[in-house]
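Structure, as structure tokens:
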Amino acid sequence: MTKTAKPPAPRKTAAAAPSEGARAELAKAGFARLMDLLLHFPLRYENWQDASPLANLRNGETALVEGEITDAQIVYVRNRARNLLVAVGDETGATVAMRFFRLTPALENSMRIGRRVRARGVVRMGRVGWEMSHPQLQSAMAPAEMVAVYPAIGKLPQAEIRRLIAAALEKFDGAETVDGALRKFTGGGFTAKAALQLIHAPPAEEAEKLMEREHPAWRRLRFDELLAHHIVLRRRYRRRLGQTATALSLPPRERFIARLPFSPTAAQEKAMKEIAADIGKTTPMRRLLQGDVGSGKTLVAAAACLACAEAGRTAALMAPTGILARQHFETLSEWFAPIKIQCELLTAETRGKKRSEAESRLQFGISHIAVGTHALFQEKTNLPKLALAVADEQHRFGVEQRLALTEKSPGGVHQLMMSATPIPRTLAMSVFADLDVSILDEKPPGRAPVQTVLISAARRAEVLARIAERQKQGGRAFWICPRVSESESAELQNAREIAAEAGASHPPLNPKVVHGKMKAAEKESAMDDFRNGKTGLLVATTVVEVGVDVPEADVMVIDNAGRMGLSQLHQLRGRVGRGGKEGFCVLLYDEELSEAAKERLKILRDSDDGFAIARRDLQLRGPGEWLGLRQSGMPALRAAKLAEDNDIIRAARNAADQMLTQTPRLAFSHVHRWFGKNFKLARV
Ligand code: ADP
Ligand code: MG
């Protein structure tokens with residue numbers, strides 16, 4: 001919003017340094033570099049060129065008008081505030097009354113009878129003719145032009161944002177960082193500088209075309225950005241080929257697989273084979289294992305950990321939460337006990353003597369598998385024999401955490417990342433251009449389907465009654481209260497209310513609440529009660545705490561389901577229906593839920609295919625949100641759209657490889673232009 005009615009900045013502004021105040025606003029909003037300003041793209045353009053004749057105005061439209069001031073006076077309104085009323089007439093003989101209520105001396109001074117003004121704003125038909133309320137003014141001297149309107153940056157007025165961006169454009173070093181031959185792809189022959197210039201300050205006839213990102217100027221920027229992205233990833237890929245890791249081999253089937261109470265699915269067999277081939281080499285593995293929730297990723301991870309243990313080395317399995325870590329620890333301990341492979345649990349709660357003893361056992365090769373949370377990667381933890389690192393729910397870990405882990409071992413470390421969010425191929429190619437991918441596209445047999453229903457939150461009591469009924473047949477229910485506002489305490493209060501209501505109306509449910517602020521021991525005891533059936537209803541504030549495997553759980557209720565992403569909802573739903581009993585997923589919605597949001601939930605109701613749901617989710621939300629890219633350590637993409645840029649992605653990947661081989665210096669200047677010199681190209 002403009003602070004005062006200032007004219008839009010003329011196109012050519014002296015490249016003045018931002019003021020102290022502007023600099024503070026920029027810093028607060030995360031604008032650190034020139035490029036950050038240049039990549040702050042316009043929301044739309046306003047035409048300041050063609051004024052509408054006053055006689056042709058339409059009620060309610062936003063119009064640019066031009067004319068001569070025929071009257072100007074200060075009036076006092078209710079609370080003694082001063083307003084400036086200005087009458088403007090044009091050649092058509094019509095007039096418009098403009099009312100200004102944020103007065104400055106400059107404004108009052110400029111509104112003199114006989115002067116010409118250009119102003120833009122919403123026109124309304126008032127009692128005595130056209131009226132405009134505090135329109136935006138352009139001094140009659142300034143050149144007519146298209147003006148970009150930008151997303152807000154803190155409290156900076158639009159005019160200031162425009163001025164800063166115009167100055168940044170002037171300063172921008174336009175040197176070409178992409179070889180001519182590689183640029184052919186972007187068509188049009190735009191340089192990056194010309195493309196930016198056009199997008200920020202287009203001539204009137206181009207503005208409309210620029211609103212679509214198919215314009216050649218946009219294609220150039222999309223290509224450049226994806227190229228920078230791929231140079232980073234492909235360089236990482238190449239560096240890995242130069243490192244060495246310990247070659248590991250999977251033990252004979254009789255030693256592990258044959259002892260399990262079930263046989264692996266064909267998909268699990270295939271993934272294990274792919275992993276065996278990778279870790280059998282001395283090049284460090286970087287593999288992403290994708291599989292819908294419940295597809296059995298843990299078993300695949302366990303087989304790789306065992307290969308590592310058999311070689312006398314340490315394997316680390318990291319989970320995003322303490323509850324999940326403990327669950328993995330228990331599963332692996334149970335599977336490995338008969339073959340005398342020992343596991344250690346390392347979480348934030350494993351402290352002091354307990355911790356140092358666990359570390360010693362790993363160091364001396366008494367135990368071989370470390371299961372833990374982030375704490376596992378704290379510098380304090382010493383894992384000198386580390387040869388394999390597995391990250392479960394990989395999308396919730398950043399690149400930094402992955403790196404911290406590998407740095408614990410002097411040699412290269414094999415890495416397996418697991419994710420329940422299936423990523424479409426081209427997207428995986430781009431976001432994880434440094435990884436190989438295995439897919440579990442099949443679920444273990446004996447899964448009962450989960451029925452999904454949409455129910456108004458007003459019918460909470462009915463849902464509780466149903467849960468209490470099922471408990472009599474051995475059922476158990478999760479009730480998730482996801483984060484819907486900034487305030488954490490609101491969710492907690494909601495969770496407590498539900499637990500209290502359930503406890504009061506159905507005492508045998510004995511509901512328990514788990515939330516983020518609880519101590520680990522308290523969480524564990526609540527989980528244990530749920531697992532062994534003492535508790536029939538587990539109310540959780542954070543989704544985080546529910547990546548758990550409780551076969552008896554048969555109902556999943558999700559409060560405020562409309563606020564969550566489809567993939568996330570699908571994963572939560574996957575927590576029930578595991579024990580061979582039919583499962584129910586109840587999506588509770590507010591009456592206020594929009595039709596669009598209801599449609600979204602219906603996708604979930606009508607499909608059980610994680611890949612199909614992920615594709616829809618991606619279309620609806622865009623990849624940044626969807627992949628948790630913000631946590632991935634990669635700079636966010638601003639020009640490109642991963643979901644739509646398949647052809648550009650392919651070209652950028654090839655160009656990146658070619659530049660790294662033929663013109664590495666150019667490749668680095670390109671990355672520095674996009675991501676800044678501080679971006680740790682060497683490490684990522
Ligand atoms: P996710 O891929 O979501 O991590 P899990 O590894 O937790 O899935 O497996 C889900 C459940 O399926 C677990 O109880 C696990 O023991 C079981 N499971 C895994 N593989 C098989 C299989 N081949 N046959 C039967 N049950 C299996
Ligand atoms: Mg899992």
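The values are calculated or read from the model by the stated rules, or taken from the named source; none is laboratory data. On a predicted model such as this, the values are computed, not experimentally measured, just so you know. Backbone-built Cβ (ideal geometry, glycine too); neighbour counts: all protein chains shown. Remember, those area values only see protein heavy atoms, side chains included, never the ligands or the DNA or RNA. Shrake-Rupley method; radii C 1.70, N 1.55, O 1.52, S 1.80 Å.
Residue-level check: of (1) at pLDDT 90 or above; (2) of a type outside the set (Val, Ile, Thr); (3) out of contact with any His (no Cβ under 8 Å at 6 or more places or on another chain), Arg99 misses just (3). If you scan region 346-386, which residues turn out to be at pLDDT 90 or above, hydroxyl-bearing (Ser, Thr, Tyr) and more than 22 Å from Ile323 (Cβ to Cβ)? The one that is at pLDDT 90 or above, hydroxyl-bearing (Ser, Thr, Tyr) and more than 22 Å from Ile323 (Cβ to Cβ): Ser360.
For the subset of region 647-657 comprising residues that are surrounded by fewer than 21 Cβ atoms within 10 Å (Cβ to Cβ) and closer than 14 Å to His229 by Cα, which member is modelled with the highest pLDDT? Residue satisfying both the conditions and the ranking: Asp657. The residue that is farthest from Ala612 (Cα to Cα), among those in region 243-297 that are of a type in the set (Gly, Ala, Ser) and within 31 Å of the chain's Cα centre (by Cα), is Ala271. On the given criteria, is Lys270 part of a helix (DSSP H, G or I), in contact (Cβ under 8 Å) with a residue 60 or more places away in the chain and open to solvent by 70 Å² or more (accessible area, probe 1.4 Å)? Judged against the criteria, Lys270 is a match.
Let's see how each residue does on (1) at pLDDT 95 or above; (2) under 29 Å from His374 (Cβ atoms); (3) of a type outside the set (Phe, Trp, Tyr); (4) open to solvent by 20 Å² or more (accessible area, probe 1.4 Å):
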residue	(1), (2), (3), (4)
Arg259	no, no, yes, yes
Ile279	yes, yes, yes, no
Thr283	no, yes, yes, yes
Leu288	no, yes, yes, no
Val293	no, yes, yes, no
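Of all residues in region 291-307, those that are more than 12 Å from ligand 2 (Cβ to nearest atom) and closer than 16 Å to Met417 by Cβ total 3.
Annotation: Leu233 fulfils all but one of (1) farther than 23 Å from Leu386 by Cβ; (2) within 16 Å of ligand 2 (Cβ to nearest atom); the unmet one is (2). In the set Glu131, Glu108, only one residue is among the acidic types (Asp, Glu), within 19 Å of Glu68 (Cα to Cα) and in a strand (DSSP E or B); that residue is Glu131.
One residue stands out in region 576-601 among those that are within 16 Å of ligand 1 (Cβ to nearest atom) and at pLDDT below 85: the one that is least open to solvent (accessible area, probe 1.4 Å), namely Gly577.
Residue-by-condition table, conditions (1) under 46 Å from the mean Cα position of the chain (by Cα); (2) buried (at least 16 other Cβ atoms within 10 Å of the Cβ); (3) among the acidic types (Asp, Glu); (4) more than 27 Å from Ile165 (Cα to Cα):
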residue	(1), (2), (3), (4)
Phe31	yes, yes, no, no
Met35	yes, yes, no, no
Asp50	yes, no, yes, no
Ile113	no, no, no, yes
Gly129	no, no, no, yes
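Lys581 meets all of the listed conditions (1) touching an Asp or Glu at 6+ places or on another chain (Cβ under 6 Å); (2) on the phi > 0 side of the Ramachandran plot but one, namely (2). For region 454-561, the strands (runs of 3 or more DSSP E) that sit wholly inside it and include 2 or more residues that are more than 16 Å from ligand 1 (Cβ to nearest atom), open to solvent by 10 Å² or more (accessible area, probe 1.4 Å) and modelled with pLDDT of 90 or more are 512-514.
All of (1) out of contact with any Leu (no Cβ under 8 Å at 6 or more places or on another chain); (2) within 12 Å of ligand 2 (Cβ to nearest atom); (3) not hydrophobic (A, V, I, L, M, F, W, C) hold for Lys281 with one exception: (2).
Checking every residue in region 302-323 against the condition of being assigned to a strand (DSSP E or B), within 15 Å of ligand 1 (Cβ to nearest atom) and on the phi < 0 side of the Ramachandran plot gives at least one match. You will find that of Arg234, Arg219, Arg259, the residue that is basic (Lys, Arg), in the same structural domain as Leu388 (by TED's automatic domain parsing) and out of contact with any strand residue (DSSP E or B) (no Cβ under 9 Å at 6 or more places or on another chain) is Arg259 and no other. Is it the case that Gln243 is within 16 Å of ligand 2 (Cβ to nearest atom) and either open to solvent by less than 10 Å² (accessible area, probe 1.4 Å) or out of contact with any Lys or Arg (no Cβ under 7 Å at 6 or more places or on another chain) (or both)? Taking the combined requirement at face value, the residue does not satisfy it.
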